[in-house]
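Comments concern the structure below.
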Amino acid sequence: RNIKDVSSTELALYVNAFLVTCINPRKFYGLDLVSELRKRVDAQNYTNPSVILALCNAGERVTERDVRNIIEAFEAAHKEIWTDTKALAVLALACAAKQPYETLYPATIPELSMELKNRQYRNGTVENLKTTALVMQALFASESEADEDNFDEEKALKKILLGQKEDGSFGNLINTYYVLPLLSYKSLVNISSSHCDASVIDGKLKVFCTEIYIAVH
């Protein structure tokens, strides 16, 4: 399969998976997946927040242009069904905020996070299981402590756990992918290669993150 046939969203998933499993995404059988993603982002006006998040996790600098495009993606996702995009945008910005560059205003993330909180239903969910998991990840990544007055994390987590199947999954692969980090109060921003024997992130920029475990023990 030619790399040109792989979507940017798929490449982003591969980059995150390779980081966790100690495979260098810049040197994958002669392919530099990180540079390929960066090239695609720079060639487009619209930015998929999940792609920027993967680039950030891989140590790629998130530029001011990236930040503007992420915020535009958040604001453009005005329909209720696009809450996933808003949550991914907050995750990408939370990762960018950890980098040693002043690319966004401090008040930006709290403002966007509040919009996510306002989408919670009385039963604790935000639309569906996957979206609820993504919103919770965004809040874990962007806030140092729970905002109990505006979002009921306990109720949301209980609703998610009710969706677990007998085989341990949460209905399908993508749901499970987004739920598992929550069980350790982590998010996709916590993806790193810090647990590897040798760093798999090249370049001058080092992103200091904690581990994210794919399996729940």
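On the stretch given as region 5-59, residues that are at positive phi and either touching a Phe, Trp or Tyr at 6+ places or on another chain (Cβ under 7 Å) or free of Cβ contacts under 8 Å to residues at least 12 places away in the same chain (or both) total 2. Each residue in region 32-47 was checked for being modelled with pLDDT under 95 and touching a helix residue (DSSP H, G or I) at 6+ places or on another chain (Cβ under 6 Å), and 1 of them qualify. Given the criteria over 14 Å from the mean Cα position of the chain (by Cα) and among the aromatic types (Phe, Trp, Tyr), does residue 46 qualify? Criteria met by residue 46.
Of the residues making up region 138-171, those that are under 23 Å from residue 108 (Cβ atoms) and not in a helix (DSSP H, G or I) number 9.
Please count how many residues of region 100-124 are within 16 Å of residue 189 (Cα to Cα) and either surrounded by 17 or more Cβ atoms within 10 Å (Cβ to Cβ) or at pLDDT 95 or above (or both).
2
Yes/no matrix, rows are residues, columns are (1) at pLDDT 95 or above; (2) among the charged types (D, E, K, R); (3) closer than 20 Å to residue 178 by Cα; (4) surrounded by fewer than 20 Cβ atoms within 10 Å (Cβ to Cβ):
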| site | (1), (2), (3), (4) |
| --- | --- |
| 56 | yes, no, yes, no |
| 87 | yes, no, yes, no |
| 126 | yes, no, yes, no |
| 151 | yes, no, yes, no |
| 159 | yes, yes, yes, yes |
| 162 | yes, no, yes, yes |
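Pairs meeting the criteria (first residue in region 110-123 and over 18 Å from residue 141 (Cα atoms) and of a type outside the set (D, E, K, R), second residue in a helix (DSSP H, G or I) and modelled with pLDDT of 95 or more, beta carbons under 8 Å, at least 6 apart or on different chains) are 123/155; 123/159.
Considered as a group, the residues in region 169-194 that are under 15 Å from residue 153 (Cβ atoms) and within 14 Å of the chain's Cα centre (by Cα) include one that is surrounded by the fewest Cβ atoms within 10 Å (Cβ to Cβ), and that residue is 185.
On inspection, residue 14 does not qualify as more than 16 Å from the chain's Cα centre (by Cα), more than 24 Å from residue 101 (Cβ to Cβ) and hydroxyl-bearing (Ser, Thr, Tyr). Of the residues making up region 25-46, those that are surrounded by fewer than 24 Cβ atoms within 10 Å (Cβ to Cβ) and not in a helix (DSSP H, G or I) are 26, 27, 28, 29, 30, 31, 32, 43, 44, 45, 46.
The values are calculated or read from the model by the stated rules, or taken from the named source; none is laboratory data. It should be emphasised that the depicted structure is a prediction, and the values quoted were computed from it without experimental measurement. All Cβ positions, glycine included, derive from the backbone under ideal geometry; neighbour counts span all protein chains shown.
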